[in-house]
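Trainee: I am attaching a structure below and will ask some questions about it afterwards.
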Amino acid sequence: MTHPFRARAFTTLAVAASTLCFAAQAQDKPAPISVDEVRSHIAILASDAFEGRGPGTAGETRTLDYLAKTWASYGLISGTNDAAHPWFQPVPLVERKPYAQAVHATVRGKLLKLAEDGVLLSGRNPTDRATGEPLFVGYGVGADGKLNADVQGRIVLMLSAEPKFEGAAKLPTSRERQKMLAEAGAAAVLVTAPEAAPWGALRNQLANGSMRLASDDIGAPITGVLRADVTEAMLRTVRLSPADAMAKAGQSGFAAMPLPVALDLATSTSVRSFESHNVIGKIPGAKPGSGAVVLLGHWDHLGICRSEEAEDRICNGAVDNASGMAVLLTVAERLGRGAPMDRDVYFMGTTAEERGLLGAYHFADKPVVPLEQIVVALNVDTVAIAPAGAPVALVGRGENGLDEIVDKIARDMGRAVDADTEANAFIRRQDGWALGAKGVKSIMAGGSFSDMKLLQAFLTTVYHQPDDELTDATELGGAADDANLHVNLARHFADEAKYKPATTGD
């Protein structure tokens, strides 16, 4: 976003907030949020005019403008608490887009055939090269969370799955382990593709480039993702199947294993530094100093994600996550014209979630409100999946002592509760994790994660594809239900008498 745009947006927001009066008309019991209200916001945010809401594009400018102006029209004020950056929190990013790669592998002088489309490489610099025998490091860390090998100057092959060591505490994520290996001097870090990730979607996503926070721009000269058959071909050189490799990697005392493969990796990459933004609005509480509630969701998607030859080039992201932002907009409208609340309630649209929760991590590192003052963070993502009346599931169930509160509120609204912990498989894959990892109580509540078959049907078809568009068939009944759920959740957690985390242990 350019500085002239910031000035124009701020002026327009001030005018909008001062001229629209309905937001100030307090209503203790506003009408329930309807499907039509949710649909109207998705229709705008997921339209071709927003070009898939890619960070650092014209689509970002249109998205931020729409979100901030709409929140201002509901009576919200800037939530950045920064006069120099009203509404928009700058998030410095570095983007890398690979445009050429070469992979050559031999075993004892004989060519090892690796599927050309089964290796995805990116370089840190415009051109990079790494040669040598790869070192299989398993998960990259031991049960103590520390690196399990000397990787200086080595090509490293690492499992992307979460480490599983008996009796071990929470261990670094795949992203964190890759960073640790890079900091230790690895020449290249190659990871196995996540089992649940469709290779075609992953290939398209990586071809669109990777992003890092400028403050966290640490990486090996070459990074890469290997499809399962490529990983298997390399492990077979030491007579290991993928299952055997995972079993060995999970044993205490696992020793990194050199693979007798002569690898030659070369990359050509375009590198761009730019500034994206989180957008933050606030409903000030009636009791300053009593804490804050944060509702968040990511505004970004994949932008123009196909080549010029494709018939449909835009990944519109209607479900992921225009639907979540539509919920935040409608909830803000209800709370903004409702009865005053004790605590400040923040609404945040994060950038670059699709590139690794980057906007959320930046907020966690540079919060606009001290993290210890945030009594709860409610993340909203991919809600247009379940039909009306779906049970309420929790991403984060059993993790932070909020289950009973959420369950009671859901039941009081006439909704069933999905009490299992299946949804916790997504804890580290959503923005709430960036805050939860720093001690903030963070949950994601709603119907989309109560039916894993229904969710997987989305994740294995239109997810991250141009087909994620708003149609007459898009299921919005559950999204409206979840919006109303979040009105009640926000009101409960913003009520100092009802929720006292510091004294009651709620």
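The values are calculated or read from the model by the stated rules, or taken from the named source; none is laboratory data. Remember, it's a predicted structure, so these values are computed and weren't measured experimentally. Don't worry about glycine lacking a Cβ; one is built from the backbone with ideal geometry, like all the others, and counts go over all protein chains shown.
Trainee: Out of all the residues in region 209-241, which are at pLDDT below 90, surrounded by 14 or more Cβ atoms within 10 Å (Cβ to Cβ) and not acidic (Asp, Glu)?
Mentor: Within region 209-241, the first condition is being at pLDDT below 90, and the residues that meet it are 209-210, 216-219.
Those left that are additionally surrounded by 14 or more Cβ atoms within 10 Å (Cβ to Cβ): 209-210, 216-217, 219.
Those that are at pLDDT below 90, surrounded by 14 or more Cβ atoms within 10 Å (Cβ to Cβ) and not acidic (Asp, Glu): 209, 210, 219.
Trainee: Within region 248-259, which residues are surrounded by fewer than 13 Cβ atoms within 10 Å (Cβ to Cβ) and assigned to a helix (DSSP H, G or I)?
Mentor: Listed by number, the list is empty, since nothing qualifies.
Trainee: Can you name every residue in region 356-397 that is part of a helix (DSSP H, G or I) and among the hydrophobic types (A, V, I, L, M, F, W, C)? If you could, list the steps in order and put the result at the bottom.
Mentor: The initial filter retains those residues of region 356-397 that are part of a helix (DSSP H, G or I), namely 358-365, 371-373.
Those that are part of a helix (DSSP H, G or I) and among the hydrophobic types (A, V, I, L, M, F, W, C): 358, 360, 363, 364, 371.
Trainee: May I pose another question? Mind checking which pairs have a first residue in region 197-213 that is over 15 Å from residue 463 (Cα atoms) and of a type outside the set (A, V, I, L, M) and a second that is modelled with pLDDT of 80 or more and assigned to a helix (DSSP H, G or I), Cβ under 9 Å, 6 or more apart or different chains?
Mentor: Every condition considered, the pairs that remain are 212/358.
Trainee: Name the single residue that is nearest to the chain's Cα centre (by Cα) among those in region 57-101 being under 23 Å from residue 47 (Cβ atoms) and either assigned to a strand (DSSP E or B) or among the charged types (D, E, K, R) (or both).
Mentor: Applying the filter and picking the extreme gives 60.
Trainee: Where residues in region 184-195 are surrounded by 19 or more Cβ atoms within 10 Å (Cβ to Cβ) and of a type in the set (A, V, I, L, M, F, W, C), which of them is nearest to the chain's Cα centre (by Cα)? First the steps, then the outcome.
Mentor: Residues of region 184-195 surrounded by 19 or more Cβ atoms within 10 Å (Cβ to Cβ): 186-193.
Those left that are additionally of a type in the set (A, V, I, L, M, F, W, C): 186-191, 193.
Values: 186: 26, 187: 27, 188: 25, 189: 22, 190: 22, 191: 19, 193: 18 Å.
The selected residue is 193.
Trainee: Which condition number does residue 185 fail, the rest of (1) modelled with pLDDT of 95 or more; (2) on the phi < 0 side of the Ramachandran plot being met?
Mentor: So residue 185 meets the others, but not (2).
Trainee: On the given criteria, is residue 128 crowded, with 19+ Cβ neighbours inside 10 Å and in the same structural domain as residue 179 (by TED's automatic domain parsing)? Please lay out each step first, then the result.
Mentor: Details: crowded, with 19+ Cβ neighbours inside 10 Å: yes; in the same structural domain as residue 179 (by TED's automatic domain parsing): yes.
Spelling it out, residue 128 is indeed crowded, with 19+ Cβ neighbours inside 10 Å and in the same structural domain as residue 179 (by TED's automatic domain parsing).
Trainee: Quickly run through region 306-342 and pick out the residues that are in contact (Cβ under 8 Å) with a residue 60 or more places away in the chain and charged (D, E, K, R).
Mentor: 306, 312, 313, 320, 333, 334, 337, 342
Trainee: Right, another one. Taking the options 400, 424, name whichever one is farther than 19 Å from residue 383 by Cβ and either part of a loop (DSSP other than H, G, I, E, B) or within 20 Å of the chain's Cα centre (by Cα) (or both).
Mentor: On the way: 424 fails: farther than 19 Å from residue 383 by Cβ.
Checking each option against the conditions leaves just 400.
Trainee: How many of the residues making up region 219-237 are farther than 17 Å from residue 130 by Cβ and out of contact with any Ser or Thr (no Cβ under 6 Å at 6 or more places or on another chain)? So that I can check it myself, show each step before the final result.
Mentor: So in region 219-237, the residues farther than 17 Å from residue 130 by Cβ come out as 227-229, 231-233, 235-237.
From the residues that got through so far, the ones that are out of contact with any Ser or Thr (no Cβ under 6 Å at 6 or more places or on another chain) too are 227-229, 232-233, 235-237.
Summing the residues that are farther than 17 Å from residue 130 by Cβ and out of contact with any Ser or Thr (no Cβ under 6 Å at 6 or more places or on another chain) in region 219-237 gives 8.
Trainee: Quick one: which residue in 145, 185, 123 is over 27 Å from residue 273 (Cβ atoms) and among the small types (Gly, Ala, Ser)?
Mentor: Working: 185 fails: over 27 Å from residue 273 (Cβ atoms); 123 fails: over 27 Å from residue 273 (Cβ atoms).
Result: 145 is the single residue among 145, 185, 123 that is over 27 Å from residue 273 (Cβ atoms) and among the small types (Gly, Ala, Ser).
Trainee: Further, regarding this structure: I'd like the full set of residues that are crowded, with 18+ Cβ neighbours inside 10 Å, touching a residue at least 60 places away in the same chain (Cβ under 8 Å) and assigned to a loop (DSSP other than H, G, I, E, B), limited to region 444-461.
Mentor: Correct list: 447, 448, 450, 451.
Trainee: Mind listing just one residue for me: the one in region 407-443 that is of a type in the set (A, V, I, L, M, F, W, C), closer than 14 Å to residue 481 by Cα and out of contact with any His (no Cβ under 8 Å at 6 or more places or on another chain) and, of those, surrounded by the most Cβ atoms within 10 Å (Cβ to Cβ)?
Mentor: My answer is 410.
Trainee: Does region 51-62 hold any residues that are in contact with an Asp or Glu (Cβ under 8 Å, 6 or more places away or on another chain) and crowded, with 19+ Cβ neighbours inside 10 Å, and which are they?
Mentor: Matches in region 51-62: 53, 54, 55, 56, 59, 60.
Trainee: Next up: Taking residue 154 as the residue in question, decide whether it is basic (Lys, Arg), touching a residue at least 60 places away in the same chain (Cβ under 8 Å) and in the same structural domain as residue 243 (by TED's automatic domain parsing).
Mentor: Working: basic (Lys, Arg): yes; touching a residue at least 60 places away in the same chain (Cβ under 8 Å): no; in the same structural domain as residue 243 (by TED's automatic domain parsing): yes.
Criteria not met by residue 154.
Trainee: Let me ask something else. Condition check: outside any loop (DSSP other than H, G, I, E, B) and crowded, with 21+ Cβ neighbours inside 10 Å. Does residue 181 satisfy that? Reasoning before the result, please.
Mentor: Values: outside any loop (DSSP other than H, G, I, E, B): yes; crowded, with 21+ Cβ neighbours inside 10 Å: yes.
Judged against the criteria, residue 181 is a match.
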